[in-house]
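Participant: Here it is: the structure, laid out below.
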Amino acid sequence: MIIDTTKVQAINSFSKLESLKEIYGTIWMLFLILILVLGITIGVLVIVWLEREISAGIQQRIGPEYAGPLGILQALADGTKLLFKENLLPSRGDTYLFSIGPSIAVISILLSYSVIPFGSRLVLADLSIGVFLWIAISSIAPIGLLMSGYGSNNKYSFLGGLRAAAQSISYEIPLTLCVLSISLRVIRRDIVDIVEAQSKYGFWGWNLWRQPIGFIVFIISSLAECERLPFDLPEAEEELVAGYQTEYSGIKFGLFYVASYLNLLISSLFVTVLYLGGWNLSIPHIHISDFFEINKLHGVFGTTISIFITLAKTFLFLFISITTRWTLPRLRIDQLLNLGWKYLLPISLGNLLLTTSSQLLSL
């Protein structure tokens, strides 16, 4: 039997090339994840600084101003302080559940960032069920809060965890129905396709105008999912001391705040891509884009412009969320549940029915 050494060498070189491609792909994916985590961390620090400055302006007081220029390093200083504080454990609590609860709350929200598109080709995981994956993963976060409340062996903490679970279930259903109303308008259920469907008429093509009822319900539900005022019943200090985080200290205590701001940031990003046109400049093609080709930019400059536009719209919605927190009073738990089940759920169902009827009539 004669073996062709040339063919054997070609097969070996091909297998080596494939192995190198796999290694390169893995390294590139890890690099992208690192860049995304770094960007998320900077975004959270900026949101904390913005909230302190905006709340100070609303309440006519001086905000952070000593830690760095304009106080921009105050959030970093607070995080460093929590990192070196003593980590206390309840003597009669479940230390296993007590320890992993904050981690589950943070990791479940971090995974949702993998499906956020910052451009037409700038998304970590381009899935056809991306937005529904966000809803599914974000529903895991209240389980971490419930585990934290139960593991604390504290009635206030346990009530806070139960409230977090009840609130999440109450407002996830209207949120999902609003997303379903939008996804009915595109062939694929891909977030990139949803954004591209809004780019045809510029500013007037936003889903904000096509789904005004869904937009309002989505905003209210997302604020409730983030447990922001006026929906922060799981940690109502006048009723539950600090809710599920009563027994926590050190970095675990800080993880709950990180999870809250991560959830707020990703909710604002989804409002941007679902209702505000995403990375598109929102200028109608007929007026400016045909002349300057401003919506058809590619390369590094186009990617930078896409990221800037997405973040600008995101921080505009963040400003509204922060202002809402420091303007409206907290609801009671019965008012919160009544709003979710008696009002938002029927309204979102009616909106879905109207959307489905209009799509059937347009066929």
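Participant: Under a Cβ-Cβ cut-off of 12 Å, what is the net charge of the residues other than PRO102 that fall near it, where Lys and Arg count +1 and Asp and Glu count -1? List each step's numbers first, then the result.
Facilitator: Working: positive: LYS252; negative: GLU247.
After counting each charged neighbour, the total is 0.
Participant: What figure in square angstrom, to the nearest 10, would you give for the accessible area of GLU51 with a 1.4 Å probe?
Facilitator: 10
Participant: Using a Förster distance of 45 angstrom, determine the FRET efficiency expected from the C-beta separation of ASP78 and PHE203, and round it to 0.05.
Facilitator: Efficiency for this residue pair is about 0.70.
Participant: A further question on this structure: HN-Hα J couplings of the stretch 121-132 from phi, Karplus 6.51/-1.76/1.60, θ = phi - 60°, integer Hz, Gly and Pro as x?
Facilitator: 10, 10, 8, 5, 9, 7, 9, 6, 10, x, 5, 6
Participant: Working with all protein chains in place, sort ILE137, ILE216 by solvent-accessible area computed with a 1.4 Å probe, largest first. Could the numbers behind the result be given before it?
Facilitator: Numbers: ILE137 25, ILE216 100 Å².
Putting ILE137, ILE216 in descending order of accessible area: ILE216, ILE137.
Participant: Could you calculate the contour length gain from ILE216 to ASN153, that is, 0.36 nm times the residue separation minus the distance between their Cα atoms, to one decimal place in nm?
Facilitator: Using 0.36 nm per residue and subtracting the Cα-Cα distance, I get 18.8 nm.
Participant: Shifting gears a bit: ³J(HN,Hα) across the stretch 179-184 via Karplus (A = 6.51, B = -1.76, C = 1.60, θ = phi - 60°), whole Hz, x for Gly/Pro?
Facilitator: Listing the rounded values in order: 5, 5, 4, 6, 5, 5 Hz.
Participant: Another one. With every protein chain kept in the model, how would you rank ASP126, ASP232 by accessible area, 1.4 Å probe, largest at the top?
Facilitator: From most exposed to least exposed: ASP126, ASP232.
Participant: Here is a follow-up. Out of the stretch 14-74, which trypsin sites (Lys or Arg not before Pro) are coil in DSSP terms and have no more than 15 other C-beta atoms within 10 Å?
Facilitator: When the trypsin sites (Lys or Arg not before Pro) of the stretch 14-74 are filtered for loop state and at most 15 Cβ neighbours within 10 Å, ARG61 remain.
Participant: Here's something else I'd like to know. Expressed as a fraction of 2.2 N^0.38 Å, the rule-of-thumb size for a compact globular protein of N residues, what is the C-alpha radius of gyration of the stretch 56-171?
Facilitator: 1.39
Participant: For mean projected area of the Cα convex hull in nm², pick the label among [x] 27.4; [y] 21.4; [z] 18.2 that corresponds to the value derived from the coordinates.
Facilitator: So the structure-derived entry is [x].
Participant: A further question on this structure: How many Å² of accessible area per residue for the chain, probe 1.4 Å?
Facilitator: Numbers: 19430 Å² over 363 residues.
The answer is 54 Å² per residue.
Participant: How much accessible area does VAL37 have with a 1.4 Å probe, in Å² rounded to the nearest 10?
Facilitator: Roll a 1.4 Å probe over it and VAL37 shows about 70 Å².
Participant: Can you order the peptides 338-351, 72-85 by their average number of other Cβ atoms within 10 Å per residue, highest first?
Facilitator: So the order, starting with the most tightly packed, is 338-351, 72-85.
Participant: Right, something else. Give me the percent relative contact order of the chain, please, defined on Cα pairs under 8 angstrom at least 6 residues apart.
Facilitator: 21
Participant: Within the set of other residues whose C-beta is less than 10 Å from the C-beta of GLY254, count the net charge using Lys and Arg as +1 and Asp and Glu as -1.
Facilitator: Values: positive: LYS81, LYS85, LYS252; negative: ASP78.
My count for the surroundings of GLY254 gives +2.
Participant: With a 1.4 Å probe and all protein chains left in place, how much of the accessible area of the chain comes from carbon and sulfur atoms, in whole percent?
Facilitator: 70
Participant: Size of the dipole of the stretch 93-362 about the Cα centre, Lys and Arg at +1 and Asp and Glu at -1 on the beta carbon, nothing else charged, in debye to 20?
Facilitator: On the way: 16 positive and 17 negative charges, 92 e Å.
Computed about the Cα centre, the dipole is about 440 debye.
Participant: Relative to the present Cα-Cα distance, how much length would full extension add between LEU88 and LEU111 at 0.36 nm per residue of separation?
Facilitator: The LEU88-LEU111 span can extend by a further 5.5 nm.
Participant: Please work out how much length the chain gains when fully extended from PHE301 to LEU32, using 0.36 nm per residue of separation minus the C-alpha to C-alpha distance, in nm with one decimal.
Facilitator: Details: separation 269, 0.36 × 269 = 96.84 nm, distance 1.82 nm.
Between PHE301 and LEU32, full extension yields an extra 95.0 nm.
The values are calculated or read from the model by the stated rules, or taken from the named source; none is laboratory data. In this text, all values refer to a predicted model and were calculated from it rather than measured experimentally. When we count neighbours, we look across all protein chains shown, and the Cβ atoms used for this are built from the backbone with ideal geometry, even at glycine. These area figures cover heavy atoms from the full protein model, side chains too; ligands, DNA and RNA do not enter into them. Shrake-Rupley method; radii C 1.70, N 1.55, O 1.52, S 1.80 Å.
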